[in-house]
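> Dropping the structure in here first, questions after.
The values are calculated or read from the model by the stated rules, or taken from the named source; none is laboratory data. No experiment lies behind these values; they were computed from the predicted model shown. Cβ placement follows ideal geometry from the backbone for every residue including glycine, while neighbour counts extend to all protein chains displayed.
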Amino acid sequence: MTTEPPRTGDEPAAEPRGPRVCVLALEPQLTVEIEPSGPTEQTPEVHVHPGGQGLWLARMAYSLGAEVVVCGPFGGEAGMIAAHLARAEHLELRATTTSANGAYVHDRRGGERREVAVMPPHALDRHELDDLYGTVLVSALESAVCIVTGSNPPLGVPASFFGRLVRDLDASDRTVVADLSGRQAAAAAQAPGAVLKISHEELVDGGFSADGSEDALRAAARALLDGGPRAVVVSRAENPTLLVTPERTYAVRTPRITTVDHRGAGDSMTAGIAVGLARGAELPDAVRLGAAAGALNVTRRGLGSGRRDQIERFAHRIKVRTLD
């Protein structure tokens, strides 16, 4: 674990953190990215970061002022380094064991992302899965909001894991934001209380929606609500996000922005929604904050990165209107 140098008395006091957010990071990774650098962009610049959906979400939640605790399996050389780097980014880890985490190397010097090497993570065994469940359940009960993320492939985690976790947290009146797809999303949607964030592609690919039209997506979201979720948030790339609740449907529109890297926009949106709810915001306002975080993330090369002041100011430009 990293240690901070002793304070001399001249440094400004650390800014107090906001509400506590728990993140289930099922698939932590070590990421290595090679970027062009220098005036002629001929010098390689190598960036090493902790990655994976859960850690990207956690990074954005911390940027928005939350106190963040991450629950996930860490193991092997890649996992040991990813855990060290995550702690250096001020994330509190409740690490469980696994034999090995995944890692990848991407090269962007040619202008496009080229995959150089990928090491897949090992699946969790029964004992590792039980340990992870207990760790995230207890940590989430100590937090204002729990963000639940999944993995693809499942890594030995059955879809029922997600439904059980959402159900148990709802029974203790904990707010859950679930960013899942496929069978994992279906399982979470059969439990009460969660805000389910899902992209329009995931709705279609998972068989929830007949196509990507707005009418079909709204119908699919309403069908998911029948299982018990509090709301369904459907992100639609450059089109307005849909927020569907049992009472009404909203369209959330962001200003047009040139994309530098589209990856991580949905994860940043989920983190913004969770932090907004943890602050006590109403659901449309929480989604507005999430939309601002996701929109500004595409202007940057760092996944799950951003500045709180910019995101909160940009959120005032996000338009939310009712559709029904």
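> Regarding VAL275, is this residue hydrophobic (A, V, I, L, M, F, W, C), assigned to a strand (DSSP E or B) and either buried (at least 24 other Cβ atoms within 10 Å of the Cβ) or on the phi < 0 side of the Ramachandran plot (or both)? Write out each step before concluding.
Numbers: hydrophobic (A, V, I, L, M, F, W, C): yes; assigned to a strand (DSSP E or B): no; either buried (at least 24 other Cβ atoms within 10 Å of the Cβ) or on the phi < 0 side of the Ramachandran plot (or both): yes.
No.
> A follow-up question, please. For GLU112, which of the numbered conditions (1) surrounded by fewer than 15 Cβ atoms within 10 Å (Cβ to Cβ); (2) touching a strand residue (DSSP E or B) at 6+ places or on another chain (Cβ under 7 Å) fails to hold?
It is condition (2) that GLU112 fails.
> Check GLU238 against each of (1) touching a strand residue (DSSP E or B) at 6+ places or on another chain (Cβ under 9 Å); (2) modelled with pLDDT under 95; (3) among the charged types (D, E, K, R) and name the one condition it does not meet.
It is condition (1) that GLU238 fails.
> Give the number of residues within segment 58-78 that are crowded, with 24+ Cβ neighbours inside 10 Å and of a type in the set (D, E, K, R).
1
> Restricting to segment 175-209, count the residues that are under 22 Å from ASN239 (Cβ atoms), more than 18 Å from the chain's Cα centre (by Cα) and of a type outside the set (D, E, K, R).
Residues in segment 175-209 being under 22 Å from ASN239 (Cβ atoms), more than 18 Å from the chain's Cα centre (by Cα) and of a type outside the set (D, E, K, R): 5 in total.
> Oh, and also: Given the options THR2, THR40, THR98, THR8, name the one that is modelled with pLDDT under 95 and under 24 Å from THR135 (Cα atoms).
The match here is THR2.
> May I ask you to list the residues in segment 130-171 that are in contact with a helix residue (DSSP H, G or I) (Cβ under 7 Å, 6 or more places away or on another chain), more than 30 Å from ARG279 (Cα to Cα) and either part of a helix (DSSP H, G or I) or modelled with pLDDT of 95 or more (or both)?
VAL157
One line per residue, one yes/no per condition, for (1) of a type in the set (Gly, Ala, Ser); (2) touching a residue at least 12 places away in the same chain (Cβ under 8 Å):
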{"position": "GLU115", "(1), (2)": "no, no"}
{"position": "MET119", "(1), (2)": "no, yes"}
{"position": "HIS122", "(1), (2)": "no, yes"}
{"position": "ASP131", "(1), (2)": "no, yes"}
{"position": "VAL145", "(1), (2)": "no, yes"}
{"position": "VAL148", "(1), (2)": "no, yes"}
{"position": "SER151", "(1), (2)": "yes, yes"}
{"position": "ARG164", "(1), (2)": "no, yes"}
{"position": "ASP168", "(1), (2)": "no, yes"}
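> With at positive phi and of a type outside the set (Lys, Arg) as the only criterion, which of GLY227, GLY212, GLY280 stands out? First the steps, then the outcome.
Values: GLY227 fails: at positive phi; GLY212 fails: at positive phi.
Residue meeting the stated conditions: GLY280.
> Can you find a residue in segment 105-125 that is within 26 Å of GLU77 (Cα to Cα) and either of a type in the set (Ser, Thr, Tyr) or part of a helix (DSSP H, G or I) (or both)?
No.
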